[in-house]
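Bear in mind these aren't lab numbers, they're just calculated from the coordinates by the rules spelled out. Computed from a predicted model, the values in this text were never measured in an experiment. For neighbour counting, all protein chains shown are included, and Cβ atoms are generated from backbone atoms with ideal geometry for every residue, glycine included.
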């Protein structure tokens, strides 16, 4: 960078991924190559190589994860909740078809079973073929089970008290899309009942940008209607263009109570190896969320319900 | 939001601010209105009303701050450093022509003098006229002094040991722009010498996106070549499109050592009133930066120098 | 241009006008300045200075005319029809609030009265103030009359056989916008009845791009349901981004029958002065439309009617 | 279209081709699919499926031709010149690797040999494989010869007086690209010498938009420095976003002198079959160019020479 002359926009590049995030906001990413464009039963799925982020997975025109920063999203979605649990053995992942959430889950030596339930078989198949770095062999782990099914129905049919950890790794609630009934109070009640007494759920929960907090705050309120302990934090995933929230609902254990040392000890004992985003210091920092988030959580407002659903603005 | 139908892109809107942040990345913001477009001696200056962020200040095609989230930037740039100092009396702001940094500085009752040195008189004048919320009366505070001058020359000419706090609130080092000599080791040495023994400098220091850390890490390395204590944290200012770094160089005091209670006590004693972003919990969280930032800081690399400057990619 | 080095995209410019012309097509114009953005009773109106086209008038996010190429649109909309008429005395302009159509009409010495009926008073007022080049004094011509009224109602209320020429210079039929009932068979019947026996109507009639002919062809079919002679031609107005059609409906006279010499003679006799686009050679060329347009006109299809209206794709 | 509700921008689509045509102008085309992205020795080559235009060929980020409107470009580039010649037997195509120009050339029964000389073998190979509609079997015609070579060198090495028609179907003179020495006076002199006494050259010659005429006018001036008869016309190819010029240089014969009937007679006799763009009426219309083009041609200015080349603005 030092001494470089300004190179300017790459006008010989023809390929841009434009993600409209609201009627008035969009982000433009130049792409080296669109590798796969396909229509599944549920959504448009793409895999593309971007200049800034390496390979990217896009669903219905929205960035799901990118090669260079997916570690932040997947470590953040999985480890704070799982480390808070003293010995997570059975884990269910709702969504997460690309396999990176499963990859992080299976890093925990305590895990006996990681079951991934994604509604869209094509996402799993395409990811396995074209995004091998995402699952990194997780699909072949003997402890893994990958199902193509409606995640809500799967949980509703499961025995109560089955899972120590449930991770909800789904697309945004686009109207007409496959996800919106996985953001409601009724869904979280099903989740709560399938958790063991020490169980926690970890959820991707929309942007935490201070200018666009409505969806995230509503998810937090809905979780609080069901779980006694609810925590959140923000991750900074540049390919998402906005800070993103992870929400944790817990039946008993509070992530905030873990010390730096205890987190680092558990990481070591679980055999998580060298992570890129998460460790004791990270854990300690993230749950101290900025004041504007705490203010937003303190406000009253609607709870998301099956007959009062929430959709993304676009 | 619940129950809304998808509104889609606002195609009746004609006005977009496109900010190219690299040859391959850009962000599109629809604007309700471009209020002011003017050419100063140093840069193109604009004030516009955006749908997402309210009024915005743009310099040379880059977002500087927006009505709805400037509080995060300005509180973050000012308070963590100033609260770390037990009794900041004299404060110099390099840049900061829009007056919001000065506004936050003057909230501290301890301050006897806040001097703002911006090279571009037009930015001050236009901001005073069109962005009154930014300075909020600070320009008329008896403790304030606003100068039009080269900030580096101003400091070089100042007596050593003059300021308790120096805040560097400048545009990015665009090649040919007014800022690039305010990012070098030589400049930080001038800063250090003008600080009192307990002094700290707080600096906007580029994006902390994990995919684009080179500039931020280089600023951190350069600060470490001059200051015994160097800390950083990220703020999430949605109008910047990327997480943004604040770096603090300190001659002695370490921000990390302040407890939540001590921060909140000082906030109260200083008369800061009700803030939007900053308090004891925020302070405690932000300095525990994610592991990938700590990893980046641990790497060796170039230091920015007058004859080895650093420029933005675009 | 010779010897220039590639300058690249102007990344210091922040201001872009993006015109979406379909769900899948858009055009981006960098703007030096947005001069006026206002909401009238009927539409959003803007006047902006573009780098490529000089001052531009935008209505509801769509380019209406630009300083550097409006002469093509306005000469093309007015003169082929008016020159075809041997002695046009009374002319009505439906729409055309910016005054440039009136300017061209009044150049014809034969004209005793030019009446302009635009539904949106603000367009007239703003254009008079900010686009003086457009009307070029026409609003003060003693032969001119400018009314704020519904053009269809105005014509319906006019005496039959009043006008030698009627010019329909309106915005595209955006759903919910003010124009769509001025594209129907019923409207053209009203027009026909208000024309004198030698009368002609000249109409902006949508793009003639071979890939997007549906609207233009439908307007042509609708005109043919009412007028014995119907002709068309394309103009190349770069600020429109697409070739644009002018359709002429005539009760008797055929524009194609005029020789180059006769056109040039009438131009001289009428005192049109030095035009930029139109003369005898232009007249001769334009009516020989490419084969794909003739093929499209030959196809059967719907006619636009009040209860079967046509709207733009976006 | 009638009765449709406004569908809005397709926000579920992620794939946009943005073509910057100047530092301040660009066009956005949503793409159903990017089929091929490859780097040849000379340029980036892409084949993509657009919503508006079907399959498209892009070179170095610039639209070359699209499935739905390439007939206009290729018929316009080939037939007016070839029909003007009473019996074209030998034809050379400089560039034209996608094979559509060759396809049109070989439709003329009189042709004994059509030789296509493109510098970029990959364009030919990719087009043959992925754009079969472009060559439509022409590559397998016994009269065809396809060479990978520098077109200028090929002609310079050819015997004088060899070709009845030479067609220059090349990319724009991008600085650093393969084409700029095929726009100079010296090149046209080589062309002229290789033509038979009745020979003509047909050249794609830049946009004829009235706001951006410099390049086209310079090509016309340069041709006039070499050829006694020079004519031009504009075609409206929507995928090019701007009207585009075809220039014809002729050693003796003047295209304007052919009557509608004579053109149609020759079309029939040559066995051209049913064309989409070109016939006698089209021929008659196109050469009567609008007055602003004639005015631009009448102005004095530079001629393009090897040591005084011309480049596109971007």
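A few points about this structure:
- Inter-copy spacing of residue B:89 label points, which lie 7 Å from Cα along Cα→Cβ, given in nm from shortest upward: 6.7, 9.3, 10.3
- Report summary: the helix-based calculation at 222 nm, which adds -39500 (n - 2.57) for every DSSP H run with n ≥ 4 and divides by the residues of chain C, gives -8000 deg cm²/dmol.
- Shown for residue B:274: label points 7 Å from Cα along the beta-carbon vector, and their distances to the equivalent points in the other copies, 4.9, 6.9, 7.6 nm in ascending order.
- At R0 = 30 Å, FRET efficiency that the Cβ-Cβ distance of residue A:264 and residue A:142 yields, to 0.05: 0.60
- Alpha carbon centroid spacing (whole Å) that separates region D:21-98 from region C:25-58: 31 Å
- Bridge type composition, the protein assembly as shown - antiparallel percent by DSSP, nearest 5: 65 percent
- Prolate/oblate/rounded call for region B:16-66, Cα gyration tensor, a/c under 1.5 rounded: oblate
- Computed over chain D: relative contact order in percent, which uses C-alpha pairs under 8 Å that are six or more apart: 17 percent
- Mean per-residue shielding of peptide D:236-246 is 5, counting Cβ atoms of other chains within 10 Å of each Cβ.
- The alpha carbon gyration tensor of chain C gives principal lengths a ≥ b ≥ c with a/c below 1.5, which makes the shape rounded.
- Sorted by Cβ neighbour density within 10 Å, fewest at the top, the residues A:120, B:164: A:120, B:164
- 16 Å cut-off, amide nitrogen to a point 7 angstrom out along residue B:189 Cα→Cβ, residues in region B:219-236: B:222-228
- Distance between region D:143-178 and region D:218-288 - C-alpha centres, whole angstrom: 20 Å
- Take each residue of peptide C:62-70, count the partner chain Cβ atoms within 10 Å of its Cβ, and average: the result is 2.
- Spin-label model, residue A:87/residue C:109: points 7 Å from Cα along the beta carbon direction are separated by 10.7 nm.
- Other protein chain C-beta atoms within 10 Å of residue C-beta, averaged over B:279-288: 5.
- Sorted from nearest, the other copies put their residue A:141 label points 5.4, 6.2, 8.0 nm away, the label point being 7 Å from Cα in the direction of Cβ.
- Taking a ≥ b ≥ c as the square roots of the eigenvalues of the Cα gyration tensor, the protein assembly as shown is prolate, since a/c reaches 1.5 or more and a/b is larger than b/c.
- Between 0 and 90°, nearest 10: helix B:185-194 axis offset from chain B longest Cα axis: 60 degrees
- Residue list for region D:34-77, given a label point 7 angstrom along the Cα-to-Cβ vector of residue A:130 and an amide N cut-off under 17 Å: D:34-38, D:47-50
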